[in-house]
Each structure stands twice: as C-alpha cells, then as structure tokens.
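The next block holds one structure in the form of structure tokens; read it before the comments.
A short reminder: the numbers here are calculations on the coordinates, not readings from a lab. None of these values were measured; they are calculated from a predicted model. No Cβ is skipped: glycine too gets one built from the backbone with ideal geometry, and neighbour counts run over all protein chains shown.
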Amino acid sequence: MDRPTALDLAFLDLETPQAPLVVGWTLRFDGAAPGVAALRRWIDARLGGVPRFRRRLVRGAWVDDVRFDVARHVFAVSAARGTALREVAGALLSAPLPEDRPLWRMYVVDGVDGGGFAIVGQAHHALVDGIAAIEVAMLLFGPEARGDASWVPSPAPSPAETLRTTAAARVRALAGAARASDALLGSAVRAVEGVVAARGVAPSPLERSVTARRAVAYAAVPLDAVRAAGARREATINDVLLAATSVALRGALRRRGDARDALRALVPVNVRSGDGAGGALGNRISFLPVELPVGEPDPDRALATIRARTAAAKAGGDAAALDALGQAADALPGAGRRVVARAAVRAVPFSLVVSNVPGPPVRLELLGRPLRAIHPLVPLLHGHALTVGAVSYDGVLHVGLAADAEVVADVVDVARDLEAAFDALRVADGPPQPGTTPWRTRARERRAAQRAANR
C-alpha cells in the first residue's frame, strides 16, 4: 500500500486558503510549442514512472484514481502580446489544485517573450519535495518513455488493509523514535532556546499572509561563477546563494523602513539515504535554520559570515533531529500528527525559505525541443510572504522567487538585487588581499563557527 508519511501529510495539515502548499516550476524550451494533444500523449506515456501522479489520497493511502484522464491535468494557454512570462506563470500558479483528482497540473504556454515556449506546472508538496520534483522532470522530460500506455487502475485497499498497514507503520515509527530519543531531546531544547531568543524580536515585514495570489520573478547566474565565488572562502553553492539573498533582502527590508541586522532563513536539507530509494516520490527533507546577516551590505563579508554560520548549524545536528521528529510523528494518529506539525513550525521562528536543489545532470528535452531553463517555485507557509528557490542546470544557477502578491509587490526588484549581489560576489572573487592568507582565513572562520556554536 502506498502510504504517505507524516511529513507528506503535514503539508496538507499546514496549508491555509492564503497559503496553499504547492510546489511549482517554470520550464523554458527552445523551438515552437507542441500541440496540447501531443504533449498529453508524451506525458501519459511516462506516468508509469511516477505512479502517484495517477493517485488520490483516500483513507490515509494513495490509491489509483479510477477517473484519471491526462486531459484533466495538461492544458494549453497563449500569452497575450507583450505579457511577461512571470506574469503568466504567477497567474497560473495562483490557481488552486482541484481536490477531485491527483494533485498536479501542467500548462504549455506559447507566445512568451524571448522566443520558444514554456511549461508551467504545479504539484502539491504532499506529492513531491524539491529532489523528487527533479526526479519527476527526469522521467517526464528525459529521452526515454517509461510506463505502460495500457494502464488500468488498481482497486483501493480495504479499510482493514489500511488499518493493518497503518498500525505496522506506527510500530516502526515508535521504534525509530526510541532510537532517536537523544537527538529529539537535543532538538527540543534548542527549539525552546530559539523561541525564548525570538521573544521581543518584531516579526519582519516578510512574515505576513494576505492572499493566495502569487507574484513570481526569475534570476540566473553562471554556475562556474558561483562556484568560483564560493571557492575563495571555501563556501558551498548554497552559501553563495544565501549570501546573495541576504544582500538582496537588505534592500527589500530597507525599502520598508526595516533596518534589522539579521533575518532567519530555513534551508531545506535532503535526508535521503543514498541507498537507491531516492527516486521515490514524497518528502525526505529536513530544515536547517540559518541567520542571514541582512545588516551587512558587503556581499563578500556576508558570505564569510554565512559560511561560518552554516558550518555551525550543520555541526549542531538540527537537521537530523528535525528529520527524526518527522519520522517519529508517523507513530501518531491524525490529530496528534497535526499538533506536532504546527508545534514544529512555531518552534523554529523564521522569515523565509531559501532552497537549492541540484538539477538534472543531463540536458532534457520535450518532443525534440531542448530545455533551456528551470525556475522553481517554493511554496509559502502561512504567515510568510517570500521564498527563494534555485536549481542548477546546464551550467546555470536558475532562481525562482515566489511572493504573496500583496505583501511583496516588489519581487521583481528583489530578483534584480539578487542578480546584482551575485555579480558583486563574482567581482570580489580575486586574489586574497595582504594579511588574508588561506590558513588565516580558515582559522578565523573556525573561530567564528565555534563562537556561533556556543551561543
């Protein structure tokens, strides 16, 4: 039986009318847009590799939709002349997913600025996380068809089967929670400390939900330039993304009269085991809280600070502990699971999510048309108005920003500031200055990481 995990279900439990938890993407292709009938045949021939895209959630299990028809999921739209792709994508990604069918939808968009065409898609976070979404892209837009065109839905499990499977899963989850008790206790202590520390700190202007209408914006930077900027400080691509985001948010906050020095971001972390099960759909992520130095205007100094803070956060084991908490929640009935999910969100105060996912390692295509760019949309939890998502593909780091359209109406300006911060980091990528030998830099960063870990 295909049973969702507690984390899968948490993304259903936590959504609100203003904050549907839907993962989105904008894919840009070269060439003329295919007809919708051809696109439906292409997608339908590959759905055997992603069976949950033909399933609905019934009595705690993903079961085949007996009414499944790809025509109820794949559509075609034309952009009005002069309309930016981000405007079309924002409108499409704002529409709620119908609950009477599998929780995904896709549009082929022609007439876009810059030539070519786009695929704008969305799937509920209960179905996929960022890593799983890339797996889906590999299956749907890779060169080989996978699956059986003669698919016939399987019967839904009986209530007795569902009960037996759920009971067995809860027993396993209880055993896992017992093994992870030390990690869970440490995570609980740090969560309490974080809540206490957050008292008296005014929420940032980005911590509001007004509407489900989404505004999106895009940015891009050569991947080699990002690597080079990080190498100067022994930082990762993710560190460079966080540093550029921090500088961009400094401008966004100051436009709102907010001159704070720090802003907390949640960074999703892949916790798949690497044992070959990574291709399964669903969610195998945890989260790492990182303080962004938004008071620092210099991108290079911001990168040095973030490099030390991410190192300290990883050493603290918070991501592993939160993963253990999510797996332990599998032992709880629905009401208890929802309490844990909401408590976990409150226990780690944050202002936005910044996500970075490695993209497909090979070039993808659709009906002979090459895929040029992938811009993700990371969903907004209730009470939050901005997310930043990045995917590396074909030598470029592609970034997608998603915003509550009423709260962050200047999301395009934030994207421009983000690209400017990336450019500044590239300029800063030069020979070390006198007195900044590599061993001195590493020693300072180790001391900074130790101070951060001891706070």
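In debye, nearest 20: dipole of the stretch 6-120 around its Cα centre with unit charges on the Cβ of K, R (+) and D, E (-)? Let's see the in-between values first.
Working: 15 positive and 13 negative charges, 64 e Å.
For this selection, approximately 300 debye.
With N residues in the stretch 48-87, what two-decimal value do you get for its Cα radius of gyration over 2.2 N^0.38 Å?
Numbers: Rg = 15.9 Å, N = 40, 2.2 N^0.38 = 8.9 Å.
Its radius of gyration relative to the 2.2 N^0.38 Å reference: 1.78.
For Ser150 and Asp224 in one chain, what is 0.36 nm times their gap in residues minus the Cα-Cα distance, to one decimal in nm? Can you show the working numbers first?
Values: separation 74, 0.36 × 74 = 26.64 nm, distance 4.44 nm.
The Ser150-Asp224 span can extend by a further 22.2 nm.
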Measure off 7 Å from each Cα along the Cα-to-Cβ vector at Asp261 and Arg208, then give the distance between these two points in nanometres to one decimal. 2.6
Obtain the nm distance between the two label points defined at Ala95 and Ala160 by a simple spin-label model: each point lies 7 Å from its Cα along the Cα-to-C-beta direction. 4.4
Given points 7 Å out from each Cα along the Cα-Cβ axis, report the Lys314 to Ala231 separation in nanometres with one decimal. 1.8
